[in-house]
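Inspection log for the structure reproduced underneath, given as structure tokens.
Each value in this text was obtained by applying a stated rule to the coordinates, not by laboratory testing. Computed from a predicted model, the values in this text were never measured in an experiment. Cβ: placed from backbone, ideal geometry, glycine included. Neighbour counts: every protein chain shown.
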Amino acid sequence: MAKGRKNVVVFPFMAQGHIIPFLALAHYIEQLGYTVTFVNTPLNIKKLHESLPPPSSSIDLVEIPFNCADHGLPPEAENTDSIPYNLFLRLLEATPTLELPFRKLLSDLIEAAGEKPVCVISDFFFGWAADVTHEFGIFHAIFSCASGFGLACYYSLRLNLPHQAPENNLEFFLPDFPEAGKLHVTQIPLSVLVAGENDPMVKFQRKNIPKWSSSDAFIFNTVEDLDRSGLSFFRRKLRIPVWPIGPLLLSRRDTGSEAPSNLGKCIEWLDKRGPKSVLYISFGSQNTISASQMMNLAKALDASSRNFIWVVRPPLETDVNAEFAADKWLPEGFSQRVHDEERGLIISRWAPQVEILAHKSVAAFMSHCGWNSVLESLKHGVPLIGWPVAAEQFYNAKLLVEEVGVCVEVARGTNVEVREEDITEKIELVMGDNEEGKRIRRRTAEVKEMIEAAMRDEGDYKGSSVKAMQEFFAAAAKSCCC
Ligand code: UDP
């Protein structure tokens, strides 16, 4: 660890969609001249050690103990990418047990360094971390890897249940977030809609969310101009400073989770395709669609003339760690046919997403609308075909379609029948030569410029996200000196 620099502690939840943006944050903070202590559970830290290119001298990867068996989790189930989605909650419920080791870690860090870290930045799932941090007189912030809008809808729905739409009324406003516009019942995950007071996720969040206002600040991986209403919601609700500092994104080189052969294969394949001719399809690091939806998506791709790269994860009801079986999950001969026609590339489980989205041949992204995926897409000017499947992805899709205008939704959730012809229609709408497609592509190009401007730091010009980060560190440093 570099001497003479002040230290910042960062601590994400154990999921790729959290670890990746926290790592991007760590790299950004390192460039500002701080050292970073990056905290996580043993297996995640081990993977990061293996994957990070020459270990940075300013980012210290530190593990705190966590035993899966103590929580009824299978061995090595320390990350949501290696467990079925229905075990997500069990992993989440286990996280308050990290409080004790985290307290000890802070105490050890202070003793070893002879001074306190400038601040602790932790995950929104770790509401308890603010009080622990304050015990040491350290400034605490939450870093949200979700959008302001998505998290605001999530917050409101979790705290204001039950939210069943009034009889015969399929649309309704959120009582404390009317700026979001009307939500249609299909824009809310079924699990949220039917959850009662005893629902485990409701119980978890009713303890967790109220603790957010104990933090000293909330920083978001988002852009003020992209996400205004959600950010205003949190400024109003929490009454603590809310700073949008994004988009902070990692290149694949930094995450290292990718086998080099996979990266080379994808880029080589993309190099041979025409500019803006390829549809990229992925449902993120932990979600998937149902077996019948997967079949229909494949049939739609067969019927469409478009080139595509599809990252296939085992369909629902299949062991998440099952051997990859494209021929079982997709129509007979599909993989071979699209390969022979040089039209499609099927990737097993994990693709170098950022490099794919950055490639000039990519025209559109069929995505579950996880916020990291959304930012990665928009940063590269790629419009979206939204298929939210869980959590706040539904609200992200609403924001992107209704407010930002860079997305068309093809389906919502995993328990609906998605017709082949509807999928091809939406693909054509976004990729084809039609007025709506042109409008979406124009708007996406504008949003790309907007987010580039937010991160620009040239002489006197500081983009909104750069300014927000400066204000955040000024507040942390001031509190550190008091
Ligand atoms: N990701 C990737 N390759 C994949 C799937 C996901 O690199 O095949 C990365 C993606 O680039 C993003 C993160 O994993 O940074 C997923 O985060 P997101 O918020 O989009 O969705 P989540 O997986 O958390 O639902």
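Return the aspartates and glutamates within reach of Lys462: Cα separation strictly under 15 angstrom, same-chain partners fewer than 8 residues apart disregarded; answer none if there are no such residues.
Glu224, Asp225, Glu449, Glu452, Glu471
Would you work out which of Cys68, Thr133, Thr35 lies farthest towards the positive end of the dipole of the range 1-158, given +1 charges on the beta-carbon of Lys and Arg and -1 on that of Asp and Glu, about the Cα centre?
Thr35
Express in % the proportion of alpha carbon pairs of the chain at distances exceeding 43 Å.
Looking at the chain, the distances longer than 43 Å represent 12 percent of pairs.
Among residues other than Met14 whose Cβ falls under 13 Å from its Cβ, what is the net charge (Lys/Arg +1, Asp/Glu -1)?
Charge balance in the 13 Å sphere: -3.
Pull out a ≥ b ≥ c, the square roots of the eigenvalues of the alpha-carbon gyration tensor of the range 364-482, then state rounded if a/c is under 1.5, prolate if not and a/b is larger than b/c, and oblate in the remaining case.
oblate
Please compute the net charge surrounding Ser107, taking Lys and Arg as +1 and Asp and Glu as -1 over other residues with Cβ under 15 Å from its Cβ.
Result for the local shell: -3.
Rounding to the nearest 20 debye, state how big the charge dipole of the range 82-152 is about its Cα centre with +1 on each Lys and Arg Cβ and -1 on each Asp and Glu Cβ.
For the range 82-152, the charge dipole is close to 160 debye.
HN-Hα J couplings of the range 178-192 from phi, Karplus 6.51/-1.76/1.60, θ = phi - 60°, integer Hz, Gly and Pro as x?
Couplings: x, 4, 5, x, 6, 9, 8, 4, 6, 8, 10, x, 3, 4, 7 Hz.
Near Ala300, within a Cβ-to-Cβ distance under 11 Å, what is the net charge of the other residues, with Lys and Arg +1 and Asp and Glu -1?
Result for the neighbourhood of Ala300: -2.
Just how large is the dipole of the range 194-342 about the Cα centre, in debye to the nearest 20, putting +1 at every Lys and Arg Cβ and -1 at every Asp and Glu Cβ?
My answer is approximately 860 debye.
Using helices alone, what [θ] at 222 nm do you get for the chain, with -39,500 (n - 2.57) per DSSP H run of 4 or more residues, divided over all residues and rounded to the nearest 500?
Computed mean residue ellipticity for the chain: -12500 deg cm²/dmol.
Work out the length of the dipole vector of the chain about its Cα centre, built from +1 on the beta-carbon of each Lys and Arg and -1 on the beta-carbon of each Asp and Glu, and round it to the nearest 20 debye.
For the chain, the charge dipole is close to 860 debye.
With respect to the cross-link table entries Lys116/Lys237; Lys272/Lys328; Lys47/Lys379; Lys237/Lys276; Lys272/Lys379, which display a Cα-Cα separation exceeding 32 Å?
Distance filter (> 32 Å) returns Lys237/Lys276.
The range 40-112: which GluC sites (Glu not before Pro) are DSSP loop and have at most 13 other beta-carbon atoms within 10 angstrom?
Passing both the DSSP loop test and the Cβ count: Glu76.
Check each of the trypsin sites (Lys or Arg not before Pro) in the range 1-84 and keep only those in coil by DSSP with at most 12 other C-beta atoms within 10 angstrom; list them in order.
Passing both the DSSP loop test and the Cβ count: Lys3.
Percent antiparallel among DSSP beta bridges with both residues in the chain, to the nearest 5?
If I count the DSSP bridges inside the chain, around 10 percent turn out antiparallel.
For a quick check of your reading of the filter: which GluC sites (Glu not before Pro) in the range 394-482 sit in a DSSP loop and have no more than 10 other Cβ atoms within 10 Å?
Glu417
Determine the relative contact order of the chain: mean sequence separation of Cα pairs under 8 Å and six or more apart, normalised by residue count, in whole percent.
15 percent
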